[in-house]
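Remarks on the structure that follows.
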Amino acid sequence: GSDQSLAPLCTLCCCGFLNRTLAVVFMVSLAFAIVVGNVVTLTVFVQTRQSRTPQGYLKSLTVSLAIADMMVGVLVVPFSVYTEISLMVTSAPPIWYQGTSSATSSSISGIVSPWQPCMLIGPVFAGCTFVSISTIFLMTLERSVAILRPLHKDALVTRRRTLLLILLSWAASFLLALAPLIFSRNFTLEYNECSRMCNYTPLLFGSQLPPDANILLLFPAFDFTLLGGTLAVNIVSFTSIRRYSRKRKLLSEGSLSDAGGAGGGGGGGCPHRPSFSDIKAAKTIGILTFAFTASFSPIAVFVLGNVVGYTWCNFSFFAFWILTGNSCCNVIIYSVRDHRFRKGVTLLFQRDQSPPHGEKT
């Protein structure tokens, strides 16, 4: 038909019984890891008292990132688990499984079509992905101010600006996630039996893609623009860190004297140099950027191929779930890089051994 959706056929490799069982076990484990990891992250960061300092504003951005990741574990992954189990235990797929393309023709005939849950789950997944990368970009900007302009960070990084930027990132991200549905009538959202997720699907006109199918390229264009900006800011920040580290090494070896005697006290030169915690936080955010770039790149390749007309069934599963798995990577990176976070997690699970009220910090 002229409004038939571009849904790839499910191959035995993708949809065999054993394959579905392994996929469900993987999804359940991933959902558990995402939810537990981000709940721990939220609890540790919310309980800290540095909420009105520039370091506290970085924690606000971290909380925003954790909320976006947790929404993936609470809504997106469980929906895929429910759908896969339904397909395994019932002989017929759910009534909405065939997508809204058939529902469109039914509504034209006067039959009320069922509500498509993917119309909610799909934009949530896309929106949370965009929130993640935009939040990482804001975190990088915040750290660059702390590295490059440490004397001005109190004036540049304020509570009001931080909260405003967080709200704008959420609003812009979900508006972009809905762009294919807002600006075109040639797309639908339906459960893809290859990727096991709710995907944007262009409607076929005969055997041709719609003329505005390239609107899906907005997604990788947005992400790679922010990732490129994040990479550029990180390069500038790390160049400054390297310069400060080299100068500190020379000072420790006695090869460089205190210029003009300013600062006295063996501080080693620049009183406005970034602190060790600022430098370590910048390096941690750099690792977060690298992890997100690596997890998003397969999706970008898949979207580009989909717009051109290729259908990669097995590759789509790995691409979408590698990106989903990134939602539980942040807590691992924090645990490895931040000793304060590790200490907070230890205190969180040892509440019975907490110090008296007067000794709490």
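Read the figures in this text as sums done on the coordinates, not as results from a lab. Bear in mind the structure is a predicted one, so any value in this text is a computation, not a measurement. Cβ atoms come from the backbone with ideal geometry, glycine included; neighbour counts cover every protein chain shown.
Modelled spin-label separation between F315 and I85, with each label point placed 7 Å from Cα along the Cα-to-Cβ direction: 3.3 nm.
Mind giving me the FRET efficiency for S335 and A171? R0 is 22 Å, r the Cβ-Cβ distance, nearest 0.05 is fine. Walk me through the numbers before you get to the answer.
Numbers: r = 31 Å, r/R0 = 1.41.
Efficiency computed from Cβ-Cβ geometry: 0.10.
A Förster radius of 41 Å combined with the Cβ-Cβ distance from T239 to Q208 puts the calculated FRET efficiency at roughly 0.25. Cα centroids of segment 222-253 and segment 135-167: 16 Å apart.
Within the same chain, lysines fewer than 8 places from K343 are excluded, and of the rest, those with a Cα less than 26 Å from its Cα are K59, K280, K283, K360.
Note down the nm distance, to one decimal, between modelled labels 7 Å out along Cα→Cβ at L22 and at R159. It is 5.2 nm. Applying the criteria of a DSSP loop state and at most 15 other Cβ atoms within 10 Å to the chymotrypsin sites (Phe, Trp or Tyr not before Pro) of segment 155-234 yields F183. Each of the peptides 28-38, 130-140, 338-348, 61-71 was scored by the mean count of other Cβ atoms within 10 Å over its residues; in descending order, highest first, they stand as 130-140, 61-71, 28-38, 338-348.
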